[in-house]
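Worksheet: the structure to be examined is printed underneath.
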């Protein structure tokens, strides 16, 4: 490491599963030590994501059946720590969260080309190198290892990507988690020039899915609040349906080719009703509640395909870097906050009164 680097840094440590009070802002956290194949990044910006909150509150635990919002600020009364992370492996505390990282490489391990120092980079949030690139296995940056809610973070060099663009740090920090999640769903469902229904379309992943489906030539029907309808249309949606509407009444049965769902909850059966025969349902979230009612007859009589998405093939993140550098997408940053105001940022995130992404800025 460079002699000019500090021994200590500012970071937000999660000390237990629970409410916002479990996030501790500290100025005496040890600087990460890089292994031979890792790089050290001075974090310039870190986005706020559902997975950060879900992990904090232990929402992934099977003991929790409520929507994220019901425990997002205060946590849940009953969580089983043994399965409270997305991977089902107990979390090690304290943990520095933050799935989104944009920053500058300031040091490199012994097996990394030293010319990479100085690159502006983003980190693949679904890390594969730590599990030897085995299919359907990965670590989440900020969950199974420390993430970007800090002045400095370390990451595998092979999964840290230089990006050549004129975007702000906050814009770049909006990409890793939300856009890779959205692109992965579209990739796994093989979305093309067809009719796609996207739920939660004003959020970070939903707004990403709208843009990414548009670049694939899809006709996009977005589900969002009417207050955000024009903003969602500006991202590329052809039509916006109110999130409280009856989808079957608004669209008719058998009317869409693909459903990209981030919401689930009580209205979930309607999503299968509006799918055409042979349609595909793809999901990477359930903010309105993880337990849904499935009539299996709908599934098999309509020859539907249900796709769950967490693991990402390497090409997903590589494609995103290409989209950025060719100017094919651009995120919407609703607001930025100093890292010290992470509590306010997460409260605003849970209030869902914005379109796009909220981003934290660590101290220089």
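The values are calculated or read from the model by the stated rules, or taken from the named source; none is laboratory data. What you are looking at is a predicted structure, and each value in this text was computed from that prediction instead of being measured. Every residue, glycine among them, receives a Cβ derived from its backbone with ideal geometry; neighbour counts consider all protein chains shown.
Listed values, structure above:
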| item | result |
| --- | --- |
| Residue list for region 104-127, restricted to those being in contact with a strand residue (DSSP E or B) (Cβ under 8 Å, 6 or more places away or on another chain) and in a loop (DSSP other than H, G, I, E, B) | 109, 112, 117, 118, 119, 124, 125 |
| Filter pass, residue 145 being crowded, with 20+ Cβ neighbours inside 10 Å and either in contact with a strand residue (DSSP E or B) (Cβ under 8 Å, 6 or more places away or on another chain) or more than 21 Å from residue 334 (Cβ to Cβ) (or both) | no |
| Breaking point among (1) closer than 19 Å to residue 329 by Cα; (2) surrounded by fewer than 24 Cβ atoms within 10 Å (Cβ to Cβ), for residue 205 | (2) |
| Test for residue 315: is it in contact with a strand residue (DSSP E or B) (Cβ under 8 Å, 6 or more places away or on another chain), in contact (Cβ under 8 Å) with a residue 60 or more places away in the chain, more than 28 Å from residue 251 (Cβ to Cβ) and not assigned by TED's automatic domain parsing to the domain that holds residue 54 | no |
| Unique residue being more than 29 Å from residue 356 (Cβ to Cβ) and in contact with a strand residue (DSSP E or B) (Cβ under 8 Å, 6 or more places away or on another chain) when the list is 39, 29, 43 | 29 |
| Out of 350, 306, sole residue that is within 25 Å of residue 223 (Cα to Cα) and in contact with a strand residue (DSSP E or B) (Cβ under 7 Å, 6 or more places away or on another chain) | 306 |
| Unmet requirement for residue 45, which otherwise passes all of (1) buried (at least 23 other Cβ atoms within 10 Å of the Cβ); (2) on the phi > 0 side of the Ramachandran plot | (2) |
| Output for region 88-107, where each listed residue is in contact with a helix residue (DSSP H, G or I) (Cβ under 6 Å, 6 or more places away or on another chain) and within 16 Å of residue 156 (Cα to Cα) | 99, 100, 102, 105 |
